[in-house]
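Student: If you scroll down you'll find the structure; I have some questions about it.
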Amino acid sequence: MSPTAAYLVLAFLGGLAFGGFATVAVFRLPRNYSVVSPRSSCPNCETVLAWYDTIPVISWLVLRGRCRTCQHPVPVTYPVIELATGLVWVAIVARLGVHPELPAFLAFGTSLVILSAIDIQHHRLPNNVLGPASIVAAVLLVAAAAYHGRWTNLEHAAIGAVAYGVPMLLIGLAAPSAMGGGDVKFAPYLGFHLGWFGLTLVAGGALLGLLLGGLGGALLLLVGRKGLKDAIPFGPFMALGAYTMLLIGPAVLKPWIG
(Lines give C-alpha, C1' and ligand atoms only; values in the text may rest on other atoms or scores of the structure.)
Protein backbone atom coordinates (compact mmCIF):
# COMPACT_ATOMS: atom_id res chain seq x y z
CA MET A 1 0.00 0.00 0.00
CA SER A 2 1.47 3.33 -1.04
CA PRO A 3 1.57 6.07 1.59
CA THR A 4 -0.93 8.91 1.29
CA ALA A 5 -0.76 12.37 2.82
CA ALA A 6 -2.78 11.09 5.79
CA TYR A 7 -0.26 8.31 6.44
CA LEU A 8 2.61 10.77 6.26
CA VAL A 9 0.91 13.14 8.72
CA LEU A 10 0.30 10.23 11.10
CA ALA A 11 3.92 9.18 10.66
CA PHE A 12 5.12 12.66 11.59
CA LEU A 13 2.89 12.83 14.68
CA GLY A 14 3.90 9.32 15.72
CA GLY A 15 7.55 10.20 15.20
CA LEU A 16 7.18 13.31 17.35
CA ALA A 17 5.61 11.21 20.11
CA PHE A 18 8.42 8.69 19.99
CA GLY A 19 10.83 11.60 19.72
CA GLY A 20 9.68 12.60 23.19
CA PHE A 21 10.67 9.14 24.36
CA ALA A 22 13.97 9.51 22.48
CA THR A 23 14.88 12.69 24.39
CA VAL A 24 14.30 10.86 27.67
CA ALA A 25 16.38 7.92 26.47
CA VAL A 26 19.24 10.16 25.33
CA PHE A 27 19.37 11.86 28.74
CA ARG A 28 18.80 8.85 30.99
CA LEU A 29 20.27 5.73 29.40
CA PRO A 30 23.93 6.89 29.33
CA ARG A 31 23.52 7.54 33.07
CA ASN A 32 21.95 4.09 33.61
CA TYR A 33 18.63 5.61 34.69
CA SER A 34 15.27 4.04 33.90
CA VAL A 35 13.40 5.52 30.94
CA VAL A 36 9.99 4.83 32.48
CA SER A 37 10.34 6.18 36.01
CA PRO A 38 10.41 8.57 37.71
CA ARG A 39 8.42 11.10 35.71
CA SER A 40 10.29 13.78 33.81
CA SER A 41 11.39 16.73 35.91
CA CYS A 42 13.46 19.88 35.56
CA PRO A 43 17.13 18.98 36.19
CA ASN A 44 17.63 22.36 37.89
CA CYS A 45 14.69 22.79 40.29
CA GLU A 46 13.53 19.13 40.13
CA THR A 47 9.88 20.13 39.62
CA VAL A 48 7.92 17.25 38.08
CA LEU A 49 6.74 18.36 34.65
CA ALA A 50 3.02 18.48 33.86
CA TRP A 51 1.86 16.64 30.76
CA TYR A 52 1.32 19.90 28.89
CA ASP A 53 4.98 20.79 29.44
CA THR A 54 6.16 17.60 27.73
CA ILE A 55 4.38 17.92 24.38
CA PRO A 56 7.12 17.36 21.78
CA VAL A 57 8.47 20.57 20.21
CA ILE A 58 5.34 22.60 21.06
CA SER A 59 6.00 22.82 24.80
CA TRP A 60 9.58 23.95 24.20
CA LEU A 61 8.38 26.66 21.82
CA VAL A 62 5.55 27.84 24.11
CA LEU A 63 7.90 28.03 27.10
CA ARG A 64 10.62 29.64 24.96
CA GLY A 65 13.08 26.95 25.89
CA ARG A 66 12.85 27.45 29.66
CA CYS A 67 11.45 25.64 32.69
CA ARG A 68 8.02 26.98 33.63
CA THR A 69 8.95 27.03 37.34
CA CYS A 70 12.56 28.24 37.58
CA GLN A 71 13.16 29.61 34.05
CA HIS A 72 16.26 27.43 33.72
CA PRO A 73 17.12 26.94 30.01
CA VAL A 74 15.98 23.68 28.41
CA PRO A 75 18.55 22.47 25.86
CA VAL A 76 17.60 22.98 22.23
CA THR A 77 18.68 19.37 21.65
CA TYR A 78 15.30 18.27 23.05
CA PRO A 79 13.10 19.68 20.26
CA VAL A 80 15.81 18.88 17.69
CA ILE A 81 15.71 15.19 18.63
CA GLU A 82 11.90 15.18 18.64
CA LEU A 83 11.67 16.89 15.26
CA ALA A 84 14.39 14.68 13.79
CA THR A 85 12.51 11.56 14.85
CA GLY A 86 9.31 12.86 13.27
CA LEU A 87 11.06 13.60 9.97
CA VAL A 88 12.84 10.23 10.03
CA TRP A 89 9.50 8.48 10.39
CA VAL A 90 7.98 10.44 7.50
CA ALA A 91 10.88 9.55 5.20
CA ILE A 92 10.72 5.86 6.11
CA VAL A 93 6.96 5.65 5.55
CA ALA A 94 7.34 7.48 2.23
CA ARG A 95 10.10 5.04 1.20
CA LEU A 96 8.58 1.76 2.37
CA GLY A 97 4.85 2.35 2.30
CA VAL A 98 2.58 0.43 4.65
CA HIS A 99 4.00 -3.10 4.80
CA PRO A 100 4.67 -5.69 7.54
CA GLU A 101 8.31 -4.63 7.90
CA LEU A 102 7.41 -0.99 8.49
CA PRO A 103 7.31 -1.21 12.34
CA ALA A 104 10.81 -2.69 12.36
CA PHE A 105 12.20 0.17 10.30
CA LEU A 106 10.38 2.85 12.30
CA ALA A 107 12.02 1.37 15.40
CA PHE A 108 15.30 1.32 13.46
CA GLY A 109 15.00 5.01 12.59
CA THR A 110 14.19 5.94 16.19
CA SER A 111 17.19 3.96 17.43
CA LEU A 112 19.48 5.72 14.94
CA VAL A 113 18.41 9.10 16.32
CA ILE A 114 18.91 7.98 19.93
CA LEU A 115 22.28 6.33 19.35
CA SER A 116 23.61 9.20 17.22
CA ALA A 117 22.63 11.79 19.84
CA ILE A 118 24.23 9.75 22.64
CA ASP A 119 27.43 9.22 20.63
CA ILE A 120 27.69 12.95 19.86
CA GLN A 121 27.20 13.87 23.53
CA HIS A 122 29.05 11.03 25.28
CA HIS A 123 31.27 9.45 22.59
CA ARG A 124 29.84 5.98 23.12
CA LEU A 125 27.12 3.66 21.89
CA PRO A 126 25.83 2.02 25.07
CA ASN A 127 24.84 -1.63 25.32
CA ASN A 128 21.61 -0.72 27.11
CA VAL A 129 20.43 0.86 23.85
CA LEU A 130 21.99 -1.45 21.28
CA GLY A 131 20.90 -4.61 23.09
CA PRO A 132 17.16 -3.87 23.34
CA ALA A 133 17.17 -2.31 19.86
CA SER A 134 18.67 -5.49 18.40
CA ILE A 135 16.08 -7.67 20.14
CA VAL A 136 13.24 -5.49 18.86
CA ALA A 137 14.69 -5.65 15.34
CA ALA A 138 14.92 -9.44 15.40
CA VAL A 139 11.38 -9.89 16.74
CA LEU A 140 9.77 -7.45 14.29
CA LEU A 141 11.60 -8.66 11.19
CA VAL A 142 10.94 -12.31 12.02
CA ALA A 143 7.27 -11.40 12.38
CA ALA A 144 7.36 -9.55 9.04
CA ALA A 145 9.02 -12.53 7.34
CA ALA A 146 6.45 -14.91 8.78
CA TYR A 147 3.53 -12.72 7.72
CA HIS A 148 4.33 -12.94 4.00
CA GLY A 149 6.72 -15.88 3.97
CA ARG A 150 9.65 -13.62 3.14
CA TRP A 151 12.27 -15.85 4.71
CA THR A 152 14.80 -15.02 2.00
CA ASN A 153 14.75 -11.39 3.16
CA LEU A 154 15.39 -12.54 6.71
CA GLU A 155 18.30 -14.71 5.55
CA HIS A 156 19.77 -11.75 3.71
CA ALA A 157 19.33 -9.62 6.85
CA ALA A 158 21.29 -12.16 8.89
CA ILE A 159 24.02 -12.33 6.25
CA GLY A 160 24.06 -8.53 6.13
CA ALA A 161 24.72 -8.38 9.87
CA VAL A 162 27.74 -10.63 9.43
CA ALA A 163 28.91 -8.92 6.25
CA TYR A 164 28.97 -5.50 7.93
CA GLY A 165 30.01 -6.69 11.39
CA VAL A 166 33.04 -8.85 10.58
CA PRO A 167 35.02 -6.23 8.58
CA MET A 168 34.31 -3.63 11.27
CA LEU A 169 35.52 -6.09 13.91
CA LEU A 170 38.75 -6.63 11.98
CA ILE A 171 39.25 -2.87 11.64
CA GLY A 172 38.59 -2.47 15.37
CA LEU A 173 41.15 -5.14 16.23
CA ALA A 174 43.74 -3.73 13.83
CA ALA A 175 43.22 -0.06 14.79
CA PRO A 176 41.44 0.16 18.16
CA SER A 177 42.19 3.88 18.40
CA ALA A 178 40.27 4.51 15.18
CA MET A 179 37.28 2.24 15.78
CA GLY A 180 35.57 1.93 19.15
CA GLY A 181 33.87 -1.15 20.52
CA GLY A 182 30.47 0.51 20.22
CA ASP A 183 31.02 1.11 16.51
CA VAL A 184 31.93 -2.56 16.04
CA LYS A 185 28.70 -3.65 17.75
CA PHE A 186 26.68 -1.05 15.86
CA ALA A 187 27.72 -2.44 12.47
CA PRO A 188 25.77 -5.76 12.65
CA TYR A 189 22.67 -3.87 13.74
CA LEU A 190 22.91 -1.66 10.65
CA GLY A 191 23.76 -4.58 8.37
CA PHE A 192 20.78 -6.57 9.63
CA HIS A 193 18.34 -3.88 8.51
CA LEU A 194 20.05 -3.04 5.22
CA GLY A 195 20.42 -6.72 4.38
CA TRP A 196 16.64 -7.14 4.42
CA PHE A 197 16.60 -5.24 1.10
CA GLY A 198 19.71 -6.83 -0.36
CA LEU A 199 23.39 -7.24 0.30
CA THR A 200 24.32 -4.46 -2.13
CA LEU A 201 22.70 -1.99 0.28
CA VAL A 202 24.88 -3.37 3.09
CA ALA A 203 28.05 -2.70 1.10
CA GLY A 204 26.78 0.70 0.01
CA GLY A 205 25.79 1.71 3.55
CA ALA A 206 29.12 0.60 4.99
CA LEU A 207 31.16 2.41 2.36
CA LEU A 208 29.05 5.54 2.60
CA GLY A 209 29.41 5.54 6.39
CA LEU A 210 33.20 5.29 6.10
CA LEU A 211 33.25 8.06 3.48
CA LEU A 212 31.05 10.38 5.55
CA GLY A 213 33.11 9.64 8.65
CA GLY A 214 36.34 10.53 6.86
CA LEU A 215 34.93 13.71 5.36
CA GLY A 216 33.23 14.72 8.61
CA GLY A 217 36.37 14.14 10.63
CA ALA A 218 38.46 16.14 8.17
CA LEU A 219 35.95 18.99 8.25
CA LEU A 220 35.95 19.09 12.06
CA LEU A 221 39.75 19.29 12.00
CA LEU A 222 39.74 22.03 9.38
CA VAL A 223 37.32 24.26 11.27
CA GLY A 224 39.15 23.69 14.54
CA ARG A 225 36.32 21.89 16.35
CA LYS A 226 38.54 18.84 16.90
CA GLY A 227 42.26 18.26 17.26
CA LEU A 228 44.33 15.37 15.96
CA LYS A 229 44.20 13.65 19.35
CA ASP A 230 40.51 14.27 19.98
CA ALA A 231 38.01 11.45 19.66
CA ILE A 232 35.47 11.90 16.87
CA PRO A 233 32.21 9.98 17.23
CA PHE A 234 31.85 7.67 14.24
CA GLY A 235 28.42 6.24 15.07
CA PRO A 236 26.42 9.16 13.62
CA PHE A 237 28.25 8.83 10.30
CA MET A 238 27.57 5.08 10.21
CA ALA A 239 23.92 5.78 11.00
CA LEU A 240 23.66 8.46 8.31
CA GLY A 241 25.28 6.20 5.74
CA ALA A 242 22.86 3.36 6.50
CA TYR A 243 19.81 5.65 6.63
CA THR A 244 20.74 7.34 3.35
CA MET A 245 21.24 3.99 1.66
CA LEU A 246 17.90 2.77 2.99
CA LEU A 247 16.11 5.76 1.46
CA ILE A 248 17.87 6.27 -1.87
CA GLY A 249 20.20 3.30 -2.20
CA PRO A 250 18.23 1.34 -4.82
CA ALA A 251 17.98 4.37 -7.13
CA VAL A 252 21.67 5.20 -6.71
CA LEU A 253 22.95 1.65 -7.12
CA LYS A 254 20.73 0.55 -10.00
CA PRO A 255 22.78 2.23 -12.77
CA TRP A 256 25.90 0.49 -11.46
CA ILE A 257 24.62 -3.02 -10.76
CA GLY A 258 21.68 -3.21 -13.19
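Student: Can you find even one residue in the stretch 68-83 that is at pLDDT 95 or above, within 21 Å of His193 (Cα to Cα), surrounded by 15 or more Cβ atoms within 10 Å (Cβ to Cβ) and touching a Pro at 6+ places or on another chain (Cβ under 6 Å)?
Tutor: No.
Student: Hey, can you tell me all the residues within the stretch 63-80 that are of a type outside the set (D, E, K, R) and either assigned to a loop (DSSP other than H, G, I, E, B) or in contact with a Lys or Arg (Cβ under 9 Å, 6 or more places away or on another chain) (or both)?
Tutor: Passing the criteria: Leu63, Gly65, Cys67, Thr69, Cys70, Gln71, His72, Pro73, Val74, Pro75, Val76.
Student: If you don't mind, there's one more thing I want to ask. Considering (1) outside the structural domain of Leu246 (by TED's automatic domain parsing); (2) within 20 Å of Leu16 (Cβ to Cβ), say which one Pro43 fails and leave the rest.
Tutor: That leaves (2) as the condition not met.
Student: Kindly indicate whether Val184 is assigned to a helix (DSSP H, G or I), without any contact (Cβ under 8 Å) to a residue 60 or more places away in the chain and touching a His at 6+ places or on another chain (Cβ under 9 Å).
Tutor: Criteria not met by Val184.
Student: Read through the list (1) in contact (Cβ under 8 Å) with a residue 40 or more places away in the chain; (2) surrounded by 15 or more Cβ atoms within 10 Å (Cβ to Cβ); (3) closer than 16 Å to Leu247 by Cα, then give the number of the only condition that Val98 fails.
Tutor: Failing condition for Val98: (2).
Student: Let me ask you something else. In the set Val129, Val93, which member is under 24 Å from the mean Cα position of the chain (by Cα), assigned to a helix (DSSP H, G or I) and assigned by TED's automatic domain parsing to the domain that holds Met245?
Tutor: Val129
Student: Considering only residues of the stretch 6-55 that are polar (S, T, N, Q) and outside any loop (DSSP other than H, G, I, E, B), which is modelled with the lowest pLDDT?
Tutor: Selected residue: Ser41.
Student: Are any of the residues in the stretch 147-158 part of a loop (DSSP other than H, G, I, E, B), among the charged types (D, E, K, R) and farther than 18 Å from Gly241 by Cα?
Tutor: Looking through the stretch 147-158, at least one residue is part of a loop (DSSP other than H, G, I, E, B), among the charged types (D, E, K, R) and farther than 18 Å from Gly241 by Cα.
Student: Failed condition for Pro3, given (1) touching a residue at least 24 places away in the same chain (Cβ under 8 Å); (2) of a type outside the set (Asp, Glu); (3) assigned to a helix (DSSP H, G or I), with all others met?
Tutor: (3)
The values are calculated or read from the model by the stated rules, or taken from the named source; none is laboratory data. Every value quoted in this text rests on a predicted model; they were computed, and no experiment measured them. Neighbour counts run over all protein chains shown; Cβ positions are idealised from the backbone, glycine included.
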